[in-house]
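Undergrad: Before I ask anything, let me first share the structure, which is written out below as structure tokens.
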Amino acid sequence: MQVYLLAMKPTDSVGRGFLPAARRLGLRLTLLTDRPDAYLGHGTDAAVRGPADSAPGEAPEDEVRWDGVEVLRCDVGDARAVIGRISAHRAPDAVFTNSDHLQTQAALAATYFGLPAKDWRAALRTKDKAEMRRHLAASGADTVWSAEIAPDDAVAARLRTLQVPYPCVVKPREGVASEDVFLAEDAAGLARRCEEIRTRRPGAALVVEEYLPGTLYTLETVGDADGLRPLGGFRTLLSPPPHFVERRMTYVPRHPEPVTGTVLSQLRSLGVGLGACHTEFVVHEGRARIIEVNYRAVGDHGDLLLAELLGVPLFERVLELHLGAPLSDGLRPNDGAAARIDYVCAERAGVLSSAPAAVDENAAGLRLAYRPLRPTGERHDLHHTNRDYLGILRTLGPDQPSVDRAADRFLTSHRWEITE
């Protein structure tokens with residue numbers, strides 16, 4: 001069966017998750033991307049240039065192979081280009097993406113070819129943070145004060161028209177990974193942050209919304225045409241304000257039923273169904289309120305940890321959903337396991353001069369895996385996003401105290417040194 005996977009830059013979710021899953025299922029996978037050169041030398045097998053079983057008229061310079069997978073150049077941000085590229089190649093059995101940026105395009109392409117597809121309107125609503133707030137309010141699911149600063153709006157003039165409740169949060173309308181997301185305590189701080197973002201992102205649309213207090217959690221779901229199923233979620237520890245960088249996620253097999261019910265109801269209101277979905281929400285005084293919805297599998301190795309602790313081939317099951325299979329009964333929360341994932345963050349700009357290598361440990365019922373994300377000797381700026389991650393530690397065991405002790409022991413016994 002032929003699966004087209006839309007992607008931008010290489011990610012571990014694809015390289016370590018969906019790509020090997022497609023191989024195990026015996027699928028023929030073609031990766032469409034606007035940056036094929038990014039896949040050269042990235043992965044377990046170096047990608048190479050050359051014909052990739054191309055159709056007549058396709059230029060070899062638009063093709064590479066990545067870990068044996070056919071990679072074709074395509075303007076994946078344009079649904080028409082995606083449809084044209086697929087139509088001129090091989091007939092598809094599924095069109096899929098795990099990218100935040102490409103869900104609407106993949107949904108439209110799958111719909112065009114009559115394949116199992118996410119509702120493109122749900123994909124758009126979840127990606128566009130302003131539209132998500134408007135839709136939730138209009139449907140009666142939840143109302144959060146929010147306002148949009150359009151690309152052609154003058155920031156200062158637009159802010160003068162708003163009755164902003166402080167503290168508030170400002171962020172790009174279609175941003176990801178806490179990039180340029182800030183807490184603002186007052187009008188002066190909000191104006192300053194808006195201008196900062198516009199300097200880095202000229203013409204970007206922004207969203208200003210009320211700050212929702214509470215403990216941050218996630219709900220991980222999978223769905224088919226008949227409904228959504230929760231797989232549990234995570235309790236998330238963030239960096240200190242004004243930034244919102246994830247520092248740790250601890251597995252929660254089951255949230256309280258009223259909380260899960262509220263979040264699932266809001267997801268259904270948005271139209272979320274087919275495939276994987278990663279939803280961030282806060283709970284304050286027992287009330288759950290959505291922060292944002294990422295209509296894809298949880299990232300930053302959270303999906304790798306989830307697959308491991310659930311004990312089922314999660315990536316395969318997600319791909320099968322996009323091929324029209326029903327939800328597997330094996331996709332259930334794991335009430336008998338504890339797990340956490342730690343993100344080692346750079347605290348300042350500079351050169352990473354010393355850091356541990358990759359580690360895998362399996363003893364006394366505990367499994368620990370550390371993966372470095374940045375090579376030593378390279379200099380990096382400080383971004384206050386997941387681009388500051390130096391490495392990721394995944395720890396899984398029979399109970400939370402054992403997991404916490406093992407993770408803390410690893411983190412305190414290793415050093416990550418940054419020099420100017």
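Quick note: the coordinates plus some simple rules give every number you see, no bench work behind them. Computed from a predicted model, the values in this text were never measured in an experiment. Cβ sites come from the backbone with ideal geometry, for glycine too, and all protein chains shown count toward neighbours.
Undergrad: Please list 302-311, 397-406 highest first by mean number of surrounding beta-carbon atoms within 10 Å per residue.
TA: Top to bottom by mean Cβ count within 10 Å: 302-311, 397-406.
Undergrad: Applying 1/(1 + (r/R0)^6) with R0 = 30 Å to the Cβ-Cβ distance of R379 and D404, what FRET efficiency is obtained, to the nearest 0.05?
TA: Taking R0 as 30 Å, the efficiency between R379 and D404 is 0.35.
Undergrad: Projected area of region 145-210, taken from the Cα convex hull and averaged over every viewing direction, in nm²?
TA: 3.8
Undergrad: Quick check: from the Cα gyration tensor, does region 215-419 come out rounded (a/c under 1.5), prolate or oblate?
TA: prolate
Undergrad: Quote the charge dipole size of region 145-210 about the Cα centre in Debye, to the nearest 20; the model charges only the Cβ of Lys and Arg (+1) and of Asp and Glu (-1).
TA: Here region 145-210 has a charge dipole of around 160 debye.
Undergrad: What order do you get for M1, M132 when you list them from fewest to most C-beta neighbours inside 10 Å?
TA: M1, M132
Undergrad: What ranking of V71, V351 emerges when the number of other C-beta atoms within 10 Å of each C-beta is taken as an exposure proxy, fewest first?
TA: Final ranking by Cβ density, sparse to dense: V351, V71.
Undergrad: Sticking with this one: Quick one: dipole size for the chain, taken about the Cα centre, charges +1 on Lys/Arg Cβ and -1 on Asp/Glu Cβ, in debye to the nearest 20.
TA: 260
Undergrad: Would you pull out the residues with amide H under 5 Å of I149's amide H, same chain only if 5 or more places away, H placed 1.01 Å from N?
TA: Result for I149 returns L206, V207, V208.
Undergrad: Name the residue farthest towards the positive end of the dipole of region 215-419 from the options H380, A358, T215, assuming +1 on Cβ of Lys and Arg, -1 on Cβ of Asp and Glu, about the Cα centre.
TA: H380
Undergrad: Applying a 10 Å radius around every beta-carbon, put 378-388, 101-111 in order of their mean neighbour count, most first.
TA: Going by the mean number of other Cβ atoms within 10 Å, highest first, we get 101-111, 378-388.
Undergrad: Please sort 183-192, 90-99 by packing, taking for each peptide the average over its residues of neighbouring beta carbons within 10 angstrom, highest first.
TA: 90-99, 183-192
Undergrad: Whole Å is fine, so just give me how far the alpha carbon centre of region 124-189 lies from that of region 351-402.
TA: Measuring centre to centre over Cα atoms gives 33 Å.
Undergrad: Could I ask something else about it? Add -39500 (n - 2.57) for each DSSP H run of 4 or more in the chain, then divide by its residues: what number comes out at 222 nm, to the nearest 500 deg cm²/dmol?
TA: Taking each H run of at least 4 residues, the total per residue is -7500 deg cm²/dmol.
Undergrad: Still on this structure, I have one more. Given Cβ point charges of +1 (Lys, Arg) and -1 (Asp, Glu) and nothing else, what value in debye, to the nearest 20, does the dipole of region 107-236 about its Cα centre take?
TA: I would put it at about 120 debye.
Undergrad: With the cut-off at 1.5 for a/c, could you classify the chain from its C-alpha gyration tensor as rounded, prolate or oblate?
TA: Rounded.
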